[in-house]
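Below you'll find the structure, written out as structure tokens, and then a few comments.
The values are calculated or read from the model by the stated rules, or taken from the named source; none is laboratory data. Quantities reported herein were computed from a predicted structural model and do not represent experimental measurements. For neighbour counting, all protein chains shown are included, and Cβ atoms are generated from backbone atoms with ideal geometry for every residue, glycine included. Ligands, DNA and RNA are stripped out before the accessible areas are found, and what is left, the full protein with its side chains, is counted by its heavy atoms. Shrake-Rupley method; radii C 1.70, N 1.55, O 1.52, S 1.80 Å.
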Number of protein chains: 2
Amino acid sequence: MTDAQLNLREMLNVIRPTTIIEAPQLSARLGAHVILASETFQYTGSFKFRAAYSVASRVPQDLLITASSGNFGQALAYACKLLNKSCIVVMPTSSARVKVDSVREHGGRVEPVDTQVKSRAERVKEIANQHPEAYIANAYDDQFVVRGNSTLGAELFALNLDADIIVVPVGGGGLISGIIVGFGHPNRKTCIFGAEPLMANDAARSLRCGKIVRNEQEPQTIADGARTLSLGLLNWEIMRKSISTIVEVPEEQINTAVNLLFHFANLKVEPTGALSVAAVLSQPAMFRERTVCCVVSGGNVDPSLYARLLVP
Amino acid sequence: MTDAQLNLREMLNVIRPTTIIEAPQLSARLGAHVILASETFQYTGSFKFRAAYSVASRVPQDLLITASSGNFGQALAYACKLLNKSCIVVMPTSSARVKVDSVREHGGRVEPVDTQVKSRAERVKEIANQHPEAYIANAYDDQFVVRGNSTLGAELFALNLDADIIVVPVGGGGLISGIIVGFGHPNRKTCIFGAEPLMANDAARSLRCGKIVRNEQEPQTIADGARTLSLGLLNWEIMRKSISTIVEVPEEQINTAVNLLFHFANLKVEPTGALSVAAVLSQPAMFRERTVCCVVSGGNVDPSLYARLLVP
């Protein structure tokens, strides 16, 4: 048994397995055989619970501090609740209200930060100085995060989906690097592609330049999970060896993908979660008639934003 | 192996197994341990595909005729496409455009009927007279429908959920009677409850009277799948022996249930599909601290209606 399989077996006591959905009408519209691997029903509504539980259960500290626009924060709060630990979550003032409320509901402490004035990292540093006993958890650039997310890769491998391509939303690179690690050898027939917003395309630019390229400031893409300044170092080191393609998705196609998933898969997704389907939409020739596993990373979206996306 | 298990094994080549979702935040709000059994990811977006495929595959006729304003029509059209059969679906001229389109997309022929001028039943009769070779498919009062829906009962039994109560939306009674048949002996510890709109409570009234009671006209509940005039005869005969409780749900709680499922389970449901969760909401004492399996029967809802439910 490989390390990834052992890790998965251990974590399966806690995480929910991913939900596989096949929707023929969606596939017909996308011109590809699309298999959705939805993390919207994972605990706290996104894959981040895999990462957060992995970190919170593996570090010795009882207090964890992190910066998160949403999903990692609520996941960490819930993981800490399950493990009788505490956490402080630095959240931009622009974060979705539902995400802020959820962190608090799970017993997490929220520290707001106006990212126009001060970076999340600066605010985390301030709070960390007040709590030298705490573990500073990075939502992606952390070995335990990658290890936690690798469980999804191991699951997809074990499911034998026979996919030509797995498409994964990319923000800081935590999910895609985890999937690379968990899925296993890069020489198998399945390719792993990234999908990121065109207006937050630092990962695609990094791939082109052969080194990490940073955004000047947080890009205001509707895919709020991809508003990261750059890939994590650890994530980049894993990605650069295995990833050849990151599809850059225009905002309009993210909106369309949210709608297609509503209409033809009955799936409620957040814009970041729709990036993988949006990638197929925006580059049809790349995916035509292939078997494509689209990872839907999360479903947490404000009802008013979601209603506007459905009925513009 | 029982007949229900054999039937399930045969159908599992074609249907999607139900999707089990546990959402701790939803359970906390409902004061019960709620397990969702969601049929929203079934082919064509509702449990009706189980029924439709069962009918279309088991009758010898190559042409099927039905009347449906919604889920059964789409399901039958898709089942007939898979089986290389044909179908005609009588749909009121007031039907949602998306539903008409969906029947057509699956190769079904749509026969519009202006229900102000002529009843659906009359129109079906006219078309049946033109096609004496056709099978007239009823969406619930049909042995093949019950047999098809029994696969969900057999699945729930096989899953060993250890539920105290299974709650099932009731319209014509096709789903609940199928679940009774498939789940097996009524002497086991799990009770099966119905959930229907208070303003379309003919099933609850039938149970109280000991005979089928009909609505005067189609009740205009938001749960459009429960706008049936009465239970089917076959369905009633099965229900009367096994069902002691049908929860009558006010419209407001159907709306609230749709919202709770959106917020705390990331599940997009149609109002009829939310009836089971709405039942738990409206009768908290009946369900408190019990393990309750809520069957979510379908997810097909018009985006504008859904947006209004989310942001009134």
Carbon and sulfur: what percent of the protein assembly as shown's accessible surface (1.4 Å probe)? 49
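How much net charge surrounds A:A56 when only the other residues with a Cβ under 12 Å from the Cβ of A:A56 are counted, with Lys and Arg +1 and Asp and Glu -1?
+3
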Taking amide hydrogens as modeled 1.01 Å from N in the peptide plane, which residues meet the under 5 Å criterion relative to A:R290, leaving out close sequence neighbours? A:H33
Which residues, if any, in segment A:38-59 lose at least 30 square angstrom of accessible heavy-atom surface (probe 1.4 Å) when the other protein chains sit next to their chain rather than the chain being alone? A:F41, A:Y43
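Taking K and R as +1 and D and E as -1, what net charge do the other residues with C-beta under 15 Å from the C-beta of B:R208 add up to? Don't skip to the end; give the middle numbers.
Values: positive: B:R205, B:K211, B:R214, B:R240; negative: B:E196, B:D202, B:E248.
Result for the neighbourhood of B:R208: +1.
With a cut-off of at most 10 other beta carbons within 10 Å, and DSSP calling the residue loop, which trypsin sites (Lys or Arg not before Pro) in segment B:99-189 qualify? Please list them. Can you show the working numbers first?
Numbers: sites: B:K99, B:R104, B:R109, B:K118, B:R120, B:R123, B:K125, B:R147, B:R188, B:K189; in loops: B:K118, B:R188, B:K189.
Listed in order of number, the matching sites are B:R188, B:K189.
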Taking the Cα-to-Cβ direction at B:N259 and at A:D62 and moving 7 Å from each Cα, how far apart do the two end points lie in nm? 3.9
Of A:C209, A:A37, B:P17, which is farthest on the positive side of the dipole of the protein assembly as shown, counting Cα position, with +1 on Lys and Arg Cβ, -1 on Asp and Glu Cβ, and the Cα centre as origin? B:P17
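As an exercise, use a Förster radius of 60 Å and the Cβ-Cβ distance of A:S94 and A:T2 to find the FRET efficiency, rounded to the nearest 0.05.
Numbers: r = 41 Å, r/R0 = 0.68.
Step by step, r from the Cβ atoms, then E = 0.90.
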In whole Hz and in residue order, list the ³J(HN,Hα) couplings for segment A:52-58 that follow from phi through the Karplus curve 6.51 cos²θ - 1.76 cosθ + 1.60, θ = phi - 60°; x for Gly and Pro. 5, 5, 4, 5, 5, 7, 9
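Assigning unit charges at the beta carbon (Lys, Arg +1; Asp, Glu -1) and nothing else, what dipole magnitude in debye, to the nearest 20, does segment A:1-147 show about its Cα centre?
Details: 17 positive and 14 negative charges, 41 e Å.
Dipole about the Cα centre, nearest 20: 200 debye.
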Label point 7 Å out from B:R308 along Cα-to-Cβ: which residues of segment A:272-312 have amide N under 14 Å? A:311
Charge tally for neighbours of A:G299 with beta carbon under 10 Å away, counting Lys, Arg as +1 and Asp, Glu as -1, is 0
Given a Förster distance of 51 Å, the FRET efficiency implied by the Cβ-Cβ spacing of B:E252 and A:E133, rounded to the nearest 0.05, works out to 0.55
Using a basic spin-label model with each label point 7 Å from the Cα along Cα→Cβ, how many nm lie between B:E122 and A:E126? 7.4
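In percent, how large is the relative contact order of segment B:219-288, given Cα pairs closer than 8 Å and 6 or more residues apart? Present the calculation step by step, with values, prior to reporting the outcome.
Numbers: 56 pairs, mean separation 24.6, N = 70.
RCO, segment B:219-288: 35 percent.
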In segment A:1-44, whose amide N lies under 15 Å from the spot 7 Å out along Cα-to-Cβ of A:D164? List them in ranges. A:27-28, A:30-35
³J(HN,Hα), Karplus 6.51/-1.76/1.60, whole Hz, each residue of segment A:32-38, x for Gly, Pro: 9, 8, 9, 10, 8, 10, 9
With a ≥ b ≥ c taken as the square roots of the eigenvalues of the C-alpha gyration tensor of segment A:36-120, please select rounded if a/c is under 1.5 and otherwise prolate if a/b is larger than b/c or oblate if it is not? oblate
